[in-house]
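Below is one structure; the comments refer to it alone.
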Amino acid sequence: MCLAIPSRIVEIRNGVATIDVEGVRREASLLLLEDPKVGDYVIVHAGFALHKIDEADAMETLKILREALALTEQDT
């Protein structure tokens, strides 16, 4: 199962982005995106940024994921 978590581009170097998700940083190829910019939110799979999403959708998705995590932590 794959989970699409929005990631914010914080740096771009030679076609590779440093992306940030809640303070966790990783690298992702930008080969499949047109005109990526620092500050864009992207969906990443297998090390490739697949598409951009707008900030409002990214924030809403991250909010829902935080709420789901909080619920699972209450059950333990």
To the nearest 20 debye, the chain has a Cα-centred charge dipole, built from +1 on Lys and Arg Cβ and -1 on Asp and Glu Cβ, of 260
Expected field for Ile19, accessible surface area in Å² at 1.4 Å probe radius, rounded to 10, holds 10
With no solvent term and unit scatterers on the alpha-carbon positions of the chain, Debye gives log₁₀ I(q)/I(0) at q = 0.22, 0.23 Å⁻¹ of -0.94, -1.01
So the angle from the long Cα axis of helix 55-74 to the longest Cα principal axis of the chain, reported in degrees to the nearest 10, equals 30
antiparallel share of DSSP beta bridges within the chain, to nearest 5, in %, is 95
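The values are calculated or read from the model by the stated rules, or taken from the named source; none is laboratory data. Every value quoted in this text rests on a predicted model; they were computed, and no experiment measured them. Backbone-built Cβ (ideal geometry, glycine too); neighbour counts: all protein chains shown. Accessible surface is based on the protein model in full, side chains and every heavy atom, while ligands, DNA and RNA are left aside. Shrake-Rupley method; radii C 1.70, N 1.55, O 1.52, S 1.80 Å.
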